[in-house]
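Structure first, then comments.
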Amino acid sequence: VSDPVVTAARTAAADAPAVLGLWAAQPSGSTDLPGLAAMRALIAERAGGLPGSIEEVPLGDGPPALRISHRAGATRRVLLVGHYDTVHTDEHPGPPVGNPRPEVLTGPGVADMKGGILVLLAALAGLEACPDAARLGWEVLLTPDEELGAPASLGTLRAAARAADMALVFEPAAGDGDIVVARRGREVLELTVTGRAAHAGRNPWEGRSAVGALAELTLAAEALSSRDDGVWVNVGLVSGGGAVNVVPASARAIVDVRAPTADALDAIRTGLAEAAARLGARREVAGHVTRLMACPPMPRTPGALALARAYFEGADRLGLTVGAVEVGGVSDANHLAAEGIPVLDGLGVIGGGLHGPDEWVHLPSIAERAAAAALLLSGLAASACA
Ligand SMILES: [Zn+2]
C-alpha cells in the first residue's frame, strides 16, 4: 500500500523496536514514583515530534497523567488512551529485556502497554500526513494507574470521554491480532458470615459455624456462574475461624464476578445477598454481601461495531487479518464506554505473557498496527464534516 498515511506511520514506527527496548528497561510499576517520572520524560521526548501541546495533568497526590492534544476545536474529536504504568515490581519482576528471536522482544510492559504507546504515537504521525487531518481533533491521555484500576485517573478519563466523540485504547491485541469491541464488567464482592462461638469439646451444639455457612454460600456463589451467558463467579479467597477447638464465629470470602451487562452484575450481587439471607435464617448466622469494587461493562454497541468495521477496511488494505472479540478482562476502556461513546480497544501490539515473567511483543506488529490505526484515523478525518 503506497499511501502517505501508511508511509508516515511506518516511518514513525521504524525505530520503535529500539525505543521499546529502552522503555522496557525503565521500570514504571504503578507505585514506583521515580520510575513513573522517568517514564513520563521518555514518552514526552518521543511525543515531541508530534504537533499539539503536551502537558502533565495532576491527579491528586499521585503521579500525573500525560495529555497531548491538538485541534481541540475540531468538529469531530477522538480520544486515544494508554497507560504508562506496569504491574511489574521488584517482588513481581517481568522478564529481562532481550531478543530471544530477532522479531520478538521480551521485557516488563513491552506489550502492556509501552509497545501500545509507540503504536499510538506513530498512528498519529500517520494521521498528520493525511490532507483531511485538519478536520479531526485529538487528545491523547496516558495514565499512571490503569493496573490499579484507575483510582486516581478515573474522573479525568471519564471527563475526557465526555468531551470526545469516540475513544481508541491501545491495550495489547487479543489473540493473534484481534481488536476488542466489548469487555465484561467486573465486581469484587466480600461475603462475611457471623456465627456464634462455642467450645468444641463442651457445648458445640450451642455454636453456629460461620465456616460451615460460608462453605454453603461459596457453592451457591459458584452455581450462579453461566458460561453460556458470559457470567463467571470466582470465589478467589476464603478465610475463617481461629482456634481449632472453637466453633468458628466468623468467616469471609472475596468473590470476583464478571458479566457482560450491568443488569447481570446486579443479578449476581442480589442473588448472593438472597442466598446469604436464606442461609442466615436456616443456620442462625448473619450473612452479608459488600461490594468492594465495581467496573462497568463495555457493551457491544452499534457505534463500536461501526468503528471496528472502519478499522477492518484499513487492516484489509494492509493485508492484515483482524477479528473483533469480547473479552473478560477490564481496562480503562470500560470507564470510557460508561460515558456512552463508541470505544475500540486492543489496538496496541500483538504480544503475550501479560503481567507475567514471560511478557513479549511481536516487533513487526508495532508498525503494522500503527499503520492500521492511522488509516482508521484518516478515515474518521475524511468522513468528518468540515
Ligand atoms: Zn494494560
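Laboratory data are not the source of any read-out in this text; all were calculated from the coordinates shown. Remember, predicted model here, so these are calculated numbers, not experimental data. Note: ideal-geometry Cβ built from the backbone for every residue, glycine included; neighbour counts use all protein chains shown.
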Margin query: If every alpha-carbon in the range 227-267 counts as one equal scatterer, what log10 I(q)/I(0) does Debye give at q = 0.24, 0.26 1/Å?
Written below: -0.79, -0.86
Notebook entry, point to check: If you take all C-alpha pairs in the range 78-136, what percent of them are over 20 Å apart?
Noted result: 43 percent
Note to self: Output the 0 to 90 degree angle, nearest 10, between the alpha-carbon long axis of helix 210-223 and the longest principal axis computed from the alpha carbons of the chain.
What the structure shows: 40 degrees
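If you place +1 on the Cβ of every Lys and Arg and -1 on the Cβ of every Asp and Glu, how big does the dipole about the Cα centre of the chain come out, in debye to the nearest 20?
About 780 debye.
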Item checked: Once the Cα gyration tensor of the range 180-259 is diagonalised, semi-axes √(5λ) in Å -> 34, 11, 7
Check: Convex hull over the alpha-carbon atoms of the range 241-310: what's its volume per residue in Å³?
Finding: 103 Å³
Item checked: Kirkwood Rh and Cα Rg combined as Rg/Rh, the range 304-386 -> 0.99
Item checked: Diffusion coefficient, µm² s⁻¹, Stokes-Einstein with Kirkwood Rh over alpha-carbon pairs of the chain at 20 °C and 1.002 mPa s -> 96 µm²/s
Check: Of Ala129, Leu191, Leu118, which is farthest along the charge dipole of the range 107-198 in the positive direction, counting Lys and Arg as +1 and Asp and Glu as -1 at C-beta?
Finding: Leu191
Next item on the list: Work out the P(r) tail for the range 196-346: percent of alpha carbon pairs separated by more than 27 Å, whole number.
Entry: 43 percent
Next item on the list: Would you mind giving the three semi-axes, in whole Å and largest first, of the ellipsoid equivalent to the range 31-111 according to its Cα gyration tensor?
Entry: 28, 18, 11
Note to self: For the range 24-179, compute the orientation-averaged projected area of the C-alpha convex hull (one quarter of its surface), in nm².
What the structure shows: 10.0 nm²
Margin query: Which one, Leu217, Ser383, Ser30, is farthest towards the positive end of the dipole of the chain when Lys and Arg carry +1 and Asp and Glu -1 on their Cβ?
Written below: Leu217
Check: Just how far, in whole angstrom, is the range 54-85 from the range 170-204 if you go by their alpha carbon centroids?
Finding: 32 Å
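Which trypsin sites (Lys or Arg not before Pro) in the range 273-334 pass both tests, a DSSP loop state and at most 10 other beta-carbon atoms within 10 Å?
On the way: sites: Arg278, Arg282, Arg283, Arg291, Arg300, Arg309, Arg317; in loops: Arg300.
Passing both the DSSP loop test and the Cβ count: no residue.
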Next item on the list: Among Leu320, Leu105, Leu344, determine the one that fluctuates most according to a GNM of the chain built with springs between C-alpha atoms less than 10 Å apart.
Entry: Leu320
Margin query: Compute a Gaussian network model of the chain, connecting alpha carbons closer than 10 Å, and tell me which residue from Asp229, Asp32, Asp332 fluctuates the most.
Written below: Asp229
